[in-house]
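Data block below; observations after.
The values are calculated or read from the model by the stated rules, or taken from the named source; none is laboratory data. In this text, all values refer to a predicted model and were calculated from it rather than measured experimentally. All Cβ positions, even for glycine, are placed from backbone atoms using ideal geometry, and neighbour counts span all protein chains on display.
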Amino acid sequence: MRAVPADFRLLLPKGWPDQIRSAVIHVISLAHISATFARSVAANSINARIRLKAESSRLRQEIALLMEEARIKDSRMDRIAPQRRPHYPPIARMAILELRAARGWSLAQTAQRFLVTPATIASWNHRLDEEGPDALVQVREPVNRFPDFVRYIVRRLKVLCPTMGKVKIAQVLCRVGLHLSSATVGRMQKEPLRPRSTTEEEATARIVTAERPNHVWHLDLTTVPISSGFWAAWVPFALPQRWPFCWWIAVAVDHFSRRTLGFAVFEQPPTSADIARFLGRVIRNARATPKYLITDHGKQFVSARFRTWSRRKAIRQRFGAVGKYGSIAVIERFILTMKDECTRRTLIPYRRNSFRKELSLFISWYNGDRPHTWLDGRTPDEIYFGKPSACCAPRFEPRKRWPRDSPCAQPQVEIRGRRGARLELHVSFRVDRKHLPVVELRRAA
């Protein structure tokens, strides 16, 4: 059991009950803090039943909040006459009918959920088997040269892995034997993609150049909110950046391979001694010591104790430029990826061991299964350990008449088996984590 920190006090504004609307916001914010503390204590209880009740309570609240969020959004659309509302695209209509079948909804229930009329849903059902580019309900979009199932694979992969852009999808499919250019993937997707973000090579100003694995390492700290955010309704309008409101994470990344070498989780801002112990564990696990260590100017990294420890290990410290964006872009990019593809897609546990397990699963997937744009679709493990790239294995060729000697999308490799192969997409998930997909292509029976 954990007690509430003795030094933590909530300073409520004077006379706050006099303002009714402001009081409601303050009460909800105070209830959020109280629930956070209560669940954090229950999550660390020795009684398994109490831990399960705390998790069940948190999940029920999350469902209730998501339903309220959807209700508020739907209420805005509901004010528009049905004839004036935006139309669902053909693929969305198919998704609605699939969900209706899975839920067992009637016409009226489906229409109520998606703010259309029952006659509209009935019309979709009657015209479900129409063919051609003008069909009311569609599963696929027209594609030049490639068969329809290739387009379906691309679109299905986008549905299952929404964080992937067209470059990442092309790299993932390349690794499993289907070579498509990013432009082709973009044409196969109905909705326009967001512009590609600035890459590390454009954002960072290198002080040293990594020549091999374990030559240059990056080290940085970040916070991960446990209860979604740090805002509170009273001055200073922020919650303390410590457990049970957030976890502090230290991460070490190899510059040459972009491989994440290790991480540590802290309940409050770590000291220089904590960072030294963490980095010592990373060095022992990697069985290597970096020549250079790049950090920012955090107090943990500039302290005399950490500098002395680094000199004793023969590590040369380098620092990012103060106030200059991108000076430590490699590890900043990894932290952004970790938050976008992991911590913002799951409920953050109150138990340290549970949170460590989630991060460990993500980092293992990131190093071994997720293609890296900077590495031309290879994974950090392939670079770090010198493994052959999966992108260079023989590819599938679904086009029957495609000349065997004609080039394909980069990298150009030979064809696996016969041309005109029919393929099926199989997506599994690491330990049933939907945000950690493992993609595989198999020949259709």
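On the given criteria, is LYS357 among the basic types (Lys, Arg), in the same structural domain as VAL251 (by TED's automatic domain parsing) and either farther than 30 Å from LEU52 by Cβ or under 22 Å from the mean Cα position of the chain (by Cα) (or both)? First the steps, then the outcome.
Values: among the basic types (Lys, Arg): yes; in the same structural domain as VAL251 (by TED's automatic domain parsing): yes; either farther than 30 Å from LEU52 by Cβ or under 22 Å from the mean Cα position of the chain (by Cα) (or both): yes.
The answer is yes for LYS357.
Take LEU361 and decide whether it is assigned to a strand (DSSP E or B) and not polar (S, T, N, Q). Steps first, answer last, please.
On the way: assigned to a strand (DSSP E or B): no; not polar (S, T, N, Q): yes.
For LEU361, the condition - assigned to a strand (DSSP E or B) and not polar (S, T, N, Q) - is not met.
Matching residues to (1) assigned by TED's automatic domain parsing to the domain that holds LEU160; (2) not in a helix (DSSP H, G or I); (3) not acidic (Asp, Glu):
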residue	(1), (2), (3)
GLU68	no, no, no
ARG71	no, no, yes
ALA95	no, no, yes
GLU98	no, no, no
TRP105	no, yes, yes
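Only one of PHE256, PHE266, PHE278 is within 23 Å of THR209 (Cα to Cα) and either of a type in the set (A, V, I, L, M, F, W, C) or surrounded by fewer than 21 Cβ atoms within 10 Å (Cβ to Cβ) (or both); which?
PHE256
Search the range 16-32 for residues being modelled with pLDDT of 85 or more and more than 12 Å from TRP234 (Cα to Cα), and hand back the single one that is surrounded by the fewest Cβ atoms within 10 Å (Cβ to Cβ).
ALA31
With under 14 Å from ILE335 (Cβ atoms) and hydroxyl-bearing (Ser, Thr, Tyr) as the only criterion, which of THR271, THR295 stands out? Can you show your working first?
Numbers: THR271 fails: under 14 Å from ILE335 (Cβ atoms).
When all the criteria are applied, what remains is THR295.
Out of all the residues in the range 240-287, which are of a type in the set (Ser, Thr, Tyr), touching a Phe, Trp or Tyr at 6+ places or on another chain (Cβ under 7 Å) and without any contact (Cβ under 8 Å) to a residue 60 or more places away in the chain? Steps first, answer last, please.
Let us first name the residues in the range 240-287 that are of a type in the set (Ser, Thr, Tyr), namely 257, 260, 271-272.
Subset that is touching a Phe, Trp or Tyr at 6+ places or on another chain (Cβ under 7 Å): 257, 260, 272.
SER272, the sole residue that qualifies.
Which ones in the range 261-307 are in contact with a Ser or Thr (Cβ under 7 Å, 6 or more places away or on another chain) and either part of a helix (DSSP H, G or I) or among the basic types (Lys, Arg) (or both)?
If we filter the range 261-307 for residues that are in contact with a Ser or Thr (Cβ under 7 Å, 6 or more places away or on another chain), which is where we start, we get 272, 283, 293, 300-301, 303, 305-306.
SER272, ILE283, GLN300, PHE301, ARG305, PHE306, listed by residue number.
Can you name the condition, by its number, that PRO388 falls short on among (1) free of Cβ contacts under 8 Å to residues at least 24 places away in the same chain; (2) surrounded by 11 or more Cβ atoms within 10 Å (Cβ to Cβ); (3) of a type outside the set (A, V, I, L, M)?
Among (1) free of Cβ contacts under 8 Å to residues at least 24 places away in the same chain; (2) surrounded by 11 or more Cβ atoms within 10 Å (Cβ to Cβ); (3) of a type outside the set (A, V, I, L, M), PRO388 violates only (2).
For the range 218-236, give me each residue that is surrounded by fewer than 18 Cβ atoms within 10 Å (Cβ to Cβ) and assigned to a loop (DSSP other than H, G, I, E, B). Quick ask: steps written out before the conclusion?
Here is the first cut: in the range 218-236, the ones surrounded by fewer than 18 Cβ atoms within 10 Å (Cβ to Cβ) are 223, 225, 228-231, 234-236.
Scanning the range 218-236 gives SER228, GLY229, PHE230, TRP231, TRP234, VAL235, PRO236.
Please work out if PHE362 is in contact with a Cys (Cβ under 6 Å, 6 or more places away or on another chain), of a type in the set (Phe, Trp, Tyr) and surrounded by 14 or more Cβ atoms within 10 Å (Cβ to Cβ). Before you say what the answer is, go through the steps one by one.
Details: in contact with a Cys (Cβ under 6 Å, 6 or more places away or on another chain): yes; of a type in the set (Phe, Trp, Tyr): yes; surrounded by 14 or more Cβ atoms within 10 Å (Cβ to Cβ): yes.
Criteria met by PHE362.
Which residue, of ARG399, ARG378, ARG442, is part of a loop (DSSP other than H, G, I, E, B) and either in the same structural domain as ARG287 (by TED's automatic domain parsing) or touching a His at 6+ places or on another chain (Cβ under 7 Å) (or both)? Before the answer, list the steps.
Working: ARG399 fails: either in the same structural domain as ARG287 (by TED's automatic domain parsing) or touching a His at 6+ places or on another chain (Cβ under 7 Å) (or both); ARG442 fails: part of a loop (DSSP other than H, G, I, E, B).
Result of the check over ARG399, ARG378, ARG442: ARG378.
Going by the conditions given, is GLN83 modelled with pLDDT under 85, part of a helix (DSSP H, G or I), over 22 Å from LEU441 (Cβ atoms) and not basic (Lys, Arg)?
On the way: modelled with pLDDT under 85: yes; part of a helix (DSSP H, G or I): yes; over 22 Å from LEU441 (Cβ atoms): yes; not basic (Lys, Arg): yes.
Spelling it out, GLN83 is indeed modelled with pLDDT under 85, part of a helix (DSSP H, G or I), over 22 Å from LEU441 (Cβ atoms) and not basic (Lys, Arg).
Can you confirm whether the range 287-304 contains a residue that is under 20 Å from SER364 (Cα atoms) and of a type outside the set (D, E, K, R)? Give the derivation first.
Within the range 287-304, the subset under 20 Å from SER364 (Cα atoms) is 287-288.
This time we only want the ones that are of a type outside the set (D, E, K, R), so: 288.
Yes, the range 287-304 has at least one match.
Quick one: is GLY377 of a type in the set (Gly, Ala, Ser), modelled with pLDDT under 90 and within 27 Å of the chain's Cα centre (by Cα)?
Details: of a type in the set (Gly, Ala, Ser): yes; modelled with pLDDT under 90: yes; within 27 Å of the chain's Cα centre (by Cα): yes.
Criteria met by GLY377.
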